[in-house]
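Report on one structure; see the data block that follows.
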Amino acid sequence: MAEARIQDPTQVTDFAYTRGLFDVGTGELVKLEKKEVEDDMDFLGGIGRSFKIVAEYDVGDPFAPDAPLVINIGCLTGTGYMTGLRTYFTAYSPLKRTLEDAPMPGWSAMSGSFGRKFKSTGLDDLVLVGRAATPQILVIKQGEDGPEISLQPAPDEIVGARTPEKVAWLNREFNDPDNRKYPAHFSVIGPAGENYAKVWYASIASTTQEQLMSGEDKFRFAGRLGMGSVLGSKNILAIVASAQKDEYPDGDERLKPINREIGRGEQSKGYRHPNNHDGGGGTGRLERVLDSFGVLPFKNFAPPGENIAVPSHIETVREAEEFIVIDKNCYGCQISCHQDVYAAPEGGKDPDPRKARRNHGPYIGRYEFEPMELTGPNLGIEDAKANLELARLTDDLGFDAISSSVVVSFLMDYNERNEEKIAGGVSFGDVEGTTRVMEDIAYGRDPLFGKGVKKISEEIGGAEYAMHCKGVEHSAYLPQTNPGYPFATAGGHMSMRTFLLYVMDPDCQPESADYWVRQITEEGWKMINVNLHGGCLFTLAPPPQTAEAVSSIYGIELSGDQLVEATYQTHLLGFALEQKQGATPADYDMAGDVFVGKAKGDLEGVRFLTRELFEEIRERVLVKFKEDAQKAGYLN
Ligand code: SF4
């Protein structure tokens, strides 16, 4: 974490942070330096710093050895701030590409315990370049005099292994599970990342404390934009962050009530289990909400009406006799947003939920909205158990659950429309076919389907129903409801908060270009503030609260306005980097079928987004972002 350069610091520029540059080709730590904080973006960290780093590189091929992969943390990661656990991976994405095929920068973020261990090693940013000749494990250790970074050959038993098998080996090698000692946490890729040349949407899976203790696969993921593919291209199968001694700098008296509010208060209520201070049910609750409005993605983003996926709603799963849903948490987080699903024990489920959670059968999988929805209703699969198992399969193969599932829904849609079948004729509702296709992709047995729907449709057709923006597959919210998708700088629901407005904003004016332009240019990007400072998205913390937490820990004044301004500057830099890679207005587009009058544009639950409305929004948004990026000095 940033350290004060002077006694009694009063401002962010009184701090410095530690950056390493490591060449995985030579195994050499090229540079380890303390860098003075120059502005709020530097201080807050995460993508505020990593976008500046990747801006210094010219990258035409995201897998080229000299293309950088930045691993870093925010100023709240590994502190006493509840949910301060995030790690960020930033690179030129193999998936997010211009129409001319140039890779554009992006990032992916994860919670879990890797970030707090990374911070304890003494690093803030680690830039990886080069490519190892053989599969390696990157080991980062807390040393006497700062971080120690080295490579060790990956043993045969983890080469090609799925993510849980890799973690099980690492846990035995770098921890002492018999004595419940866990100084190390891990980030790993699965077979998908190892086959990076054919799989552009591989994830990075990171361990939670519960996973190391229970042996069950309870990962957190840096899922989106193919960061696992980039790590795979460096021939790094796993990263170990090991620290015997952890320190969690606490804030002054202001931090305790902030943490109480985060863990127990109204702002995070929606992400908690109903048994946890009257929670709303976690991200899974969205499935019923969207379904009740007739806007739940179904069979490649075309719901025929309302309440079409009741068997896979989390409420149904929670009530079912065969399942027990238990909320779990990342280290020290009282929100406990993970909704883990276990089989009922022999003899049946205890009607008392408190007793049921202590007596359950085997772990089946996690219920999170996007993976469950996109491996379920959007594939026409309406069997909750099959759905949980498919979502878990994407985790274990090391895929981004969103991209891999949307690829399969595209293939199913293609087969429904064409005489000549592809992917073994996989069709909507086909669990076995989905499993086969996903495994074929992850193990590199298919040359095309791992490259995302943009690339697939360029090769075989179907662009009008290839559900992506700038190559990044849509998350589980209809593009028909969200003209903000193309302006997200990373994952569509993680970097532009316009995806729920149609359903959730009582003042939504869907047919008004003014409304959408205002939401995209003035509000939507604010959500990426969590990708700077290291707190979790699910705190839904207002900026003044987060700024106060930072002030409380570092003893300097930081305002909510400063946090918002640093966030906008970061968004603008991300946008400018897209422009520098050659993005034109035509790159900010969506599949033709989603507009009014087209195959998926006239749905019962939504029908407002005409091509003309979208083009007006696009023109005005691009003018505004370009002007502001020029003023910030990011564009000429
Ligand atoms: S809200 Fe969920 S993902 Fe975020 S830190 Fe807490 S348990 Fe982890």
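Here, each number is a calculation from the coordinates, and none is a lab measurement. Everything numeric in this text was worked out from a predicted model, so none of it was measured. Glycine gets a Cβ as well: all are built from the backbone with ideal geometry, and neighbour counts include every protein chain shown.
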Overall Cα dimensions of region 348-449, principal axis frame, Å, largest first: 53, 25, 20
Give me the one-decimal nm value for the distance between modelled label points at ASP507 and ASN636, 7 Å along each residue's Cα-to-Cβ direction. 4.1 nm
Over the chain, what is the relative contact order in percent, taking alpha-carbon pairs closer than 8 angstrom and at least six residues apart? 15 percent
Please state the equivalent ellipsoid semi-axes for region 399-479: what are the square roots of 5 times the Cα gyration tensor eigenvalues, largest first, in whole Å? 17, 15, 13
If you only keep lysine pairs separated by 8 or more in sequence, or across chains, how many in region 111-213 come under 25 Å at the Cα atoms? 10
Average projection area in nm² (convex hull over Cα atoms of the chain, one quarter of hull surface): 26.2 nm²
Please give the peptides 571-578, 312-319, 160-167, 33-40 ranked by average Cβ packing (other Cβ atoms within 10 Å per residue), highest first, as a rough proxy for protection. 571-578, 160-167, 312-319, 33-40
Straight-distance crosslink candidates among lysines, where the alpha carbon sits under 29 Å from LYS600 and sequence neighbours closer than 8 are dropped: LYS96, LYS299, LYS385, LYS421, LYS451, LYS454, LYS455, LYS470
Treat each spin label as a single point 7 Å out from the Cα along the C-beta direction, and report the ARG417 to GLU464 distance in nm. 0.6 nm
If you look at just the Cα atoms of region 164-237, how large are its Rg and its Dmax in Å? 12.8, 41
Say R0 is 35 Å: what FRET efficiency, to the nearest 0.05, do ASP383 and ALA586 get from their beta-carbon distance? 0.30
Between region 389-443 and region 37-60, the Cα center-to-center distance that results, in Å: 36 Å
Please express the shape of region 438-588 as an equivalent ellipsoid: the semi-axes are the square roots of 5 times the eigenvalues of the C-alpha gyration tensor, given largest first in whole angstrom. 32, 20, 15
Dipole-positive endmost among PRO153, THR434, VAL54 within the chain (Cβ charges, Cα centre): PRO153
Charge dipole magnitude, Cβ of K and R +1, D and E -1 - the chain, Cα centre, debye nearest 20: 700 debye
Cα-Cα pairs above 17 Å in region 541-608: how many percent? 66 percent
Packing-based ranking, highest mean first, of 439-448, 501-510 given that Cβ atoms within 10 Å are counted: 439-448, 501-510
Which length gain, in nm to one decimal place, applies between ASP66 and ASP278 when the Cα-Cα distance is subtracted from 0.36 nm times their residue separation? 71.3 nm
Quote to one decimal, in nm, the extra length available between GLU173 and ARG354 on full extension: 0.36 nm per residue of separation minus the C-alpha distance between them. 61.6 nm
What is the percent of Cα-Cα separations in region 80-173 that go past 19 Å? 60 percent
Taking the Cα centre of the chain as the origin and placing charges on Cβ (Lys, Arg +1; Asp, Glu -1), which of ALA4, ALA401, ALA67 is farthest toward the positive end of the dipole? ALA4
Restricting the calculation to Cα positions, tell me the Rg (one decimal) and the Dmax (whole number) of region 473-547 in Å. 12.5, 36
Cα Rg, Dmax, region 377-522, angstrom units: 16.4, 49
Want the number for ASP602 to LEU29: 0.36 nm per residue separation, take away the alpha-carbon distance, what's left? 200.6 nm
Using only Cα atoms, what Kirkwood radius does region 159-198 have, in angstroms? 11.0 Å
